[in-house]
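First the structure, in the form of structure tokens, and then the observations on it.
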Amino acid sequence: MLHTIKYGTGSINVHLPDTLPVDVFTPRQVPPLANPTAAFIKALDMPEGCPRLGDMAVPKSIAIALPDETRPFPIKLLLPVLLEKIFSTFPDLNHSEVRIVVGGGLHEAPDKAQLKRILPQDLCGCTVVSHDAQNSPMRHMGVTSRGTPVEINAAYADAELKIVMGMVDAHQFAGFTGGAKGVVVGCASAAMIAKNHSMLQSAGAYAGNIEGNPVREDLNEAGAIAGVNLAVNVALTPDKKIAALFVGDPQKVMRSASHETRNLYGLKQTKHYDIVIASCGGSPKDICLYQAQKALDPARHIVSPGG
């Protein structure tokens with residue numbers, strides 16, 4: 001029997017004997033939002049757990065943290081909507097004081113070619129910063145109760161209003177991505193990331209769990225110390241369309257979004273298998289070895305001992 005698996009921007013075929021019993025698990029096919037732009041505008045006017053932009057103090061500077069191209073977040077669709085909302089709400093704001101910080105944690109800093117691929121062509125005069133965890137200027141903003149130094153890219157940390165945009169997905173030891181993670185990992189120093197990730201083998205640090213998960217709780221606390229005001233999170237369909245959209249307080253948004261993501265994509269495990277063949281879903285999830293190896297985590301949980 002022939003089985004097709006997503007690989008990069010295409011697929012590969014796996015031939016298995018017809019006599020071999022095979023179960024195939026794929027993400028649920030869920031309908032995308034009919035009008036994601038309208039849904040985003042509505043969510044910005046009704047944020048969860050925090051004031052609307054128009055009810056906040058007028059800032060002199062704004063920072064927006066975005067993911068790099070290892071995440072299929074729809075930047076070109078949503079960022080222009082956010083910028084239009086910002087400039088209509090704060091008409092006297094100097095556009096160059098809106099800093100778009102593209103962060104990928106320990107990934108290489110995005111170069112001009114990557115920025116061109118992921119950012120809209122018209123950025124309304126905003127300042128663009130490529131985060132480099134090793135070399136970017138950082139601000140030390142405090143220390144979490146677990147001893148993680150909160151060291152954030154200075155372009156982001158120095159802004160008066162701080163926004164983060166990103167997607168929510170299962171994460172092998174943070175439970176789920178989302179919330180303030182795009183800042184406190186995406187725009188953090190290498191030392192900060194290393195200290196937080198040192199808890200990856202702690203009890204409770206596993207995919208799909210945010211309760212009693214020290215990695216996630218440390219990220220939440222770091223986000224509060226860093227002063228992240230507003231999170232924009234999306235859950236995507238297997239075709240990378242927006243299935244659900246959330247705007248508001250980073251921790252509240254992360255909880256709502258992770259709950260919805262679990263309902264959309266969580267599959268119940270009923271048995272273990274002698275052989276597991278896993279795909280992380282193609283590009284950009286397998287854009288590099290570091291990203292692709294994440295498919296091993298769910299695979300190892302369903303393989304039989306010695307399988």
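The values are calculated or read from the model by the stated rules, or taken from the named source; none is laboratory data. Bear in mind that the values here come from a model prediction, so they are computed numbers and not experimental data. A quick note on method: Cβ atoms are made from the backbone with ideal geometry, for glycine too, and the neighbour counts reach across all protein chains shown. These accessible areas exclude ligands, DNA and RNA; they are computed on the full protein's heavy atoms, side chains included. Shrake-Rupley method; radii C 1.70, N 1.55, O 1.52, S 1.80 Å.
Equivalent-ellipsoid semi-axes for region 175-268 (Cα gyration tensor, √(5λ), whole Å, largest first): 22, 17, 11. Between amide H atoms placed 1.01 Å from N, distances below 5 Å from Cys50 occur with Asp249, all of them 5 or more places distant or on a separate chain. What separates the Cα centres of region 235-289 and region 1-38 is a distance of 14 Å.
Accessible surface for Phe90 stands near 10 Å², nearest 10, in the context of the full protein assembly shown (1.4 Å probe).
When the residues Arg300, Arg139 are ordered by accessible surface, computed with a 1.4 Å probe over the protein chains alone, the sequence from largest down reads Arg300, Arg139.
Residues in region 150-167 carry Karplus couplings, in order, of 8, 10, 10, 3, 4, 4, 7, 4, 7, 6, 7, 10, 10, 10, 10, 10, x, 9 Hz; the curve used is 6.51 cos²θ - 1.76 cosθ + 1.60 with θ = phi - 60°, and Gly or Pro positions show x. Coupling constants for region 134-145 follow from the phi torsions by the Karplus curve (6.51 cos²θ - 1.76 cosθ + 1.60, θ = phi - 60°), and in residue order they are 8, 10, 5, x, 10, 10, 7, 10, x, 9, 6, 5 Hz; glycine and proline get x. Build a GNM of the chain with springs between Cα atoms under 10 Å apart, and of Lys76, Lys195, Lys112 the one that fluctuates most is Lys112.
Dimensions of region 1-90 along the principal axes, based on C-alpha atoms and rounded to the nearest Å, stand at 67, 23, 21, largest first. Entry note, the chain: relative contact order of 21 percent, from Cα contacts under 8 Å with a spacing of 6+ residues.
Put simply, the amide H of Val98, placed in the peptide plane, has neighbours under 5 Å in Ile62, Thr127, leaving out anything fewer than 5 places away on its chain.
Backbone geometry of region 25-33 corresponds, through the Karplus equation with coefficients 6.51, -1.76 and 1.60 at θ = phi - 60°, to 3J(HN,Hα) couplings of 10, 10, x, 5, 7, 10, x, x, 4 Hz, x marking Gly and Pro. Of the listed residues His15, His259, His3, the order by accessible area with a 1.4 Å probe, largest first, is His15, His259, His3. A probe of 1.4 angstrom, applied to the heavy atoms of all protein chains, finds His140 with accessible area near 120 square angstrom. Here the Kirkwood formula, the inverse mean of 1/r across different C-alpha pairs, assigns region 164-205 a hydrodynamic radius of 10.8 Å. Over region 202-278, Cα pairs under 8 Å with separation of 6+ residues give a relative contact order of 20 percent.
Taking amide H as placed 1.01 Å from N in the peptide plane, Val164 has its amide H under 5 Å from the amide H of Ala65, Leu230, Ala231, Val232, each at least 5 places away in sequence or on another chain.
Label separation (Arg28 vs Ile12): 3.0 nm, computed from points 7 Å beyond Cα along the C-beta direction. Hydrodynamic analysis of the chain uses the Kirkwood radius over alpha carbon pairs. Inserted into Stokes-Einstein at 37 °C and 0.692 mPa s, it gives a translational diffusion coefficient of 163 µm²/s.
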